[in-house]
Amino acid sequence: MSAPDKLEATMKTSKAPAIARAAAVMRLLSNSETPMSLQAISRELGLVPSTCLYVLRALVEEELAGFDPATKRYELGPGVLTLARNRLRRDPFAELAQPMLDGLAARLGMTALGVEIAGLDHIVAVAVSEGRGNFRLSTEVGSRFPALISATGRCIAAFGDYPRDRLLARFEKLRWDNPPDFEVWLQQVEQSREYGYAVDAGHYIAGVTVIAAPVCRGSGRPSHALVCTGLDRSFAEPGVAHVGQTIREAADELTAQLRS
């Protein structure tokens, strides 16, 4: 779904459209390699320029966006750092997960991620460590993905106790390289519940295997997950089961730390 279509869909259901517009603008600025002009922002999001300017001025006033009068371009402002720092201080997951991810990436030679789960909406990478292998997953801290995609999605479904109809509605909107059948996917969800970790073998990205294990901050649904990903052939020597067990043990240890 394109940025304008996504924003339009959000606006139709949002009870605070002004906030939805501001969030869309900030997300666009965060993903841009360089500062953007008013025209570029309004075009990318499908906003009327006058409306877009109103949003940008409000963000600049709150220091959530910066404006260069010389170039007339916008970028994220320093206020975002304050919000992010306070958010990370309240949630110790990233700090606790980083050394575990570094260890997993070094031992397995794969990219290891720590992600935060926002229900059935999305997951966000909050910690990343790259292994020594040739394959590099292009994922940075702050990257967002649909909640039910890949191995993490199977963990969310397996341990989240969501009704079938809600899972199906979200599943049908996912984009895979090799989409699995929903019934087959449900069987894999059941296996994930049994094993304590989930596997996506080339469905999300062709030729890439992803393994994830849930982390629970409280006693309810998973709040985070540890994820390892690599080319299919990189799993041949250690074996999928060994990697899955290794990730699950790390996730269990992290769960214990978060609950202590």
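Six or more apart or on different chains, Cβ under 7 Å: which pairs go from a residue in region 95-120 that's in contact (Cβ under 8 Å) with a residue 60 or more places away in the chain and within 15 Å of residue 213 (Cα to Cα) to one that's aromatic (Phe, Trp, Tyr) and outside any loop (DSSP other than H, G, I, E, B)? Could you list them?
Pairs that qualify, where the first residue is in contact (Cβ under 8 Å) with a residue 60 or more places away in the chain and within 15 Å of residue 213 (Cα to Cα) and the partner is aromatic (Phe, Trp, Tyr) and outside any loop (DSSP other than H, G, I, E, B), are 114/93; 116/93.
Write out, first by first residue and then by second, each pair whose Cβ atoms fall under 6 Å of each other, whose residues are 6+ apart or on separate chains, and whose first residue, in region 186-200, is at negative phi while the second is part of a strand (DSSP E or B) and small (Gly, Ala, Ser).
192/198; 197/213; 198/212
Just the residues that are under 18 Å from residue 130 (Cβ atoms) and without any contact (Cβ under 8 Å) to a residue 24 or more places away in the chain, please, taken from region 221-260.
Passing the criteria: only 233.
Which pairs do you get when a residue that is in the same structural domain as residue 45 (by TED's automatic domain parsing) and loosely packed, with under 14 Cβ neighbours inside 10 Å, found in region 55-84, comes within reach of a residue that is of a type in the set (Gly, Ala, Ser) and at pLDDT 95 or above, reach meaning Cβ atoms under 7 angstrom, with the pair 6+ apart or on two chains?
Pairs found: 72/37.
I'm trying to understand the selection: among the residues of region 121-136, which are closer than 29 Å to residue 167 by Cα, in contact (Cβ under 8 Å) with a residue 24 or more places away in the chain and of a type outside the set (Val, Ile, Thr)?
Of everything in region 121-136, those that are closer than 29 Å to residue 167 by Cα, in contact (Cβ under 8 Å) with a residue 24 or more places away in the chain and of a type outside the set (Val, Ile, Thr) turn out to be 121, 122, 127.
Within the bounds of region 212-220, is there any residue that is out of contact with any Lys or Arg (no Cβ under 9 Å at 6 or more places or on another chain), surrounded by 16 or more Cβ atoms within 10 Å (Cβ to Cβ) and in contact (Cβ under 8 Å) with a residue 24 or more places away in the chain?
Within region 212-220, one or more residues are out of contact with any Lys or Arg (no Cβ under 9 Å at 6 or more places or on another chain), surrounded by 16 or more Cβ atoms within 10 Å (Cβ to Cβ) and in contact (Cβ under 8 Å) with a residue 24 or more places away in the chain.
The values are calculated or read from the model by the stated rules, or taken from the named source; none is laboratory data. What you are looking at is a predicted structure, and each value in this text was computed from that prediction instead of being measured. We place every Cβ from the backbone using ideal geometry, glycine too, and count neighbours over all the protein chains shown.
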